[in-house]
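Participant: Following this message is one structure expressed as structure tokens.
Please treat every number below as a calculation from the coordinates, not as lab data. If you're wondering where the values come from, they're calculated on a predicted model, not measured in any experiment. Reconstructed Cβ throughout: ideal geometry from the backbone, glycine too, with neighbour counts over all protein chains shown.
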Amino acid sequence: MNTKLTALQLLAVSFMLFAMFLGAGNIIFSPIVGQQAGSNAWVPMFGFLITGVGLVLLAIIALAMAGGRVETLAERVHPRFSFYFCILLFLTLGPFYVIPRTTSVVYEISIRPNLSMINMEANVILFVFSFLFITITAILSLNPNKFVDRLGKVITPIFSILLLIIVIKSIITPMGVIQQPQPAYIEGAFLKGFTEGYLTMDVLAAFVFGGVFMKTLKGLGVVNPKQTARIFIKSGFITVVGLSLLHISLAWLGATSIEAIGILDNGGVVLAEASRYLLGNTGLLMIGTIVILTGLTTNIACLSAAAEFFERVCPKISYKNWICMHACLGLIVTNFGLNQILNMATPVLFFLYPMAITLIVLALMNNWFKGYQPVYIGSMIGAGSIAIMDAIKQTGLVTENILNDFFSFLPLFSNGGGWILPAFIGGVVGFLFSIYSRTDKRKYNLKGKAI
């Protein structure tokens, strides 16, 4: 029997979805953009909000139309592509990046500022903290059906109120005037912000959280596919409005903080020091509480989603055992430190994001090109081939200027947007092949079913 959600239940599941996206790792990027872009911040923030927020809604809509599972959406390209893409996606969103990043951010903001009070080596403290934090995450992840009560009704309202207090204080009594932009944000500021939005991983997270969200709705008695899709999209709208307000507020916090705390290279430190300046030790305690709560929400969501996916791929290993294995891997990676984690993950994100964006756009435009599979294949080849070059550029294995010069014929390549034209050309070639080829072509309807 299908259950219709009440207005309060809809709000609760929307808060749950918002909480999953609003992780401690996400709130460190907008303050840095605000600090470094200064008076020019509105330009990169527009690009940042496209990838960090706008595409999230489009991803949710595309995923809702595909039944809530990213595997189904990616199979429009090819089942083998779907398998490898999803493996890399869930490992990145789970133990290899998001869980370590989130845990490290919580450590940097909540624990590190107080290290002088603890008579232990910093690396030992990091290990002890990360062990305890990830263990708590794993325990809370064992029963994902409790997500609505834990996230939507309790944790989200608490950290929203605390964060609102800090932001309002920064507006009433600004820390200083907004400064001139740093060199990196004088030219190409829009695309700089656009690619900075990759680091939030929210578009990729939308793919991952879809399964958890659908499972939660099923636990509430919502089993009708159309109703499930409508609830997912409604919750998505509420989520992106909240994320937009959050990132704009944090960018303001960063932009006005330079006179008070100087230019810093870590968004977590910017938040901690700005909170300390605005509200003293109380502010530091508040921001520490916020990042702990947001860190738990993101870690629980990502760990649960990754374990659920790998249980589907390999059902011989139970959900509980996948939770334990991914938690252990996340603990190991966490202890490399935040900067090293970000450096290791950036090439992977620059590889995944163009393909994810291409997949979203194609899914939304599916009926325009009659759902021909060659269009999906051609676009993905175009986007993926240049995404590999972007990833290599981020590793530093090849000098950035050499790659930029070699691919200078591609518009926006030096700014991280070189994949857009090849993706478009690949799609056009795939469409023409589908129209003029006499061989049978596989088609997909709007819901992703082969026709």
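Participant: Longest segment of the chain with no trypsin sites (Lys or Arg not before Pro) in a DSSP loop having at most 16 other Cβ atoms within 10 Å?
Facilitator: Longest run free of exposed loop sites: 5-315.
Participant: Given the pairs Lys4/Lys234; Lys192/Lys215; Lys226/Lys370, which span a C-alpha to C-alpha distance of over 25 angstrom in this model?
Facilitator: Exceeds cut-off: Lys192/Lys215.
Participant: In the neighborhood of Leu410, defined by Cβ-to-Cβ distances under 14 Å, what is the net charge if each Lys or Arg adds +1 and each Asp or Glu adds -1?
Facilitator: Residues close to Leu410 contribute a combined charge of -1.
Participant: Moving to a separate point now. Of all the stretches in the chain, which is the longest one without any exposed loop site, taking GluC sites (Glu not before Pro) in a DSSP loop (any state but H, G, I, E, B) with at most 15 other Cβ atoms within 10 Å?
Facilitator: My reading of the result: 188-451 is the longest stretch.
Participant: While we're looking at this one, here's another question. Once you list every other residue whose beta carbon is under 15 Å from the beta carbon of Leu278, what net charge do they have if Lys and Arg are +1 and Asp and Glu are -1?
Facilitator: Once positives and negatives cancel, what remains is 0.
Participant: A further question on this structure: Each label point is 7 Å from the Cα along the Cα-to-Cβ direction; what then is the distance between the points at Val177 and Thr282, in nm?
Facilitator: About 3.0 nm separates the two model spin labels.
Participant: Still on this structure, please answer the following. How big is the charge dipole of segment 273-388 about its Cα centre, in debye rounded to the nearest 20, if each Lys and Arg gets +1 on its Cβ and each Asp and Glu gets -1 on its Cβ?
Facilitator: 200 debye
Participant: Continuing with this model, one more query. Mind putting a number on the dipole of segment 7-340 about its Cα centre? Charges go on the C-beta only, +1 for Lys and Arg and -1 for Asp and Glu, and I need it in Debye to the nearest 20.
Facilitator: In total the dipole reaches around 1080 debye.
Participant: Kindly provide the helix-only [θ] at 222 nm of the chain, computed as the sum of -39,500 (n - 2.57) over DSSP H runs of four or more divided by all residues, to the nearest 500 deg cm²/dmol?
Facilitator: -22500 deg cm²/dmol
Participant: Further question on the same structure: Place a point 7 Å from Cα of Ala260 in the direction of its Cβ. Which residues in segment 274-289 have their backbone N less than 15 Å from it?
Facilitator: Only 274-288 fall inside the zone, counting backbone N under 15 Å.
Participant: Ranked highest first by average number of other Cβ atoms within 10 Å, how do 37-45, 172-180 line up?
Facilitator: 37-45, 172-180
Participant: Continuing with the same structure: Between Ala184 and Phe424, what FRET efficiency comes out of the Förster formula 1/(1 + (r/R0)^6) with R0 = 30 Å and r the beta carbon distance, rounded to 0.05?
Facilitator: So, using R0 = 30 Å, E works out to roughly 0.60.
Participant: Could you work out how much longer the chain between Phe407 and Glu121 gets when fully extended? Use 0.36 nm per residue separation minus the Cα distance between them, nm to one decimal.
Facilitator: Result: 98.3 nm gained on full extension.
Participant: I'd like the FRET efficiency for Thr135 and Ile158, computed as 1/(1 + (r/R0)^6) with the beta carbon distance as r and R0 of 25 Å, rounded to 0.05.
Facilitator: It comes to 0.70.
Participant: Same structure again: Give the long-range amide H neighbours of Tyr372: residues separated by 5 or more places, or on another chain, with amide H under 5 Å away, using H modelled in the peptide plane at 1.01 Å from N.
Facilitator: Amide H neighbours of Tyr372, under 5 Å, 5+ apart: Tyr444.
Participant: With a sphere of radius 15 Å drawn around the Cβ of Ile392, what net charge do the other residues whose Cβ falls strictly inside it have (Lys, Arg +1; Asp, Glu -1)?
Facilitator: -2
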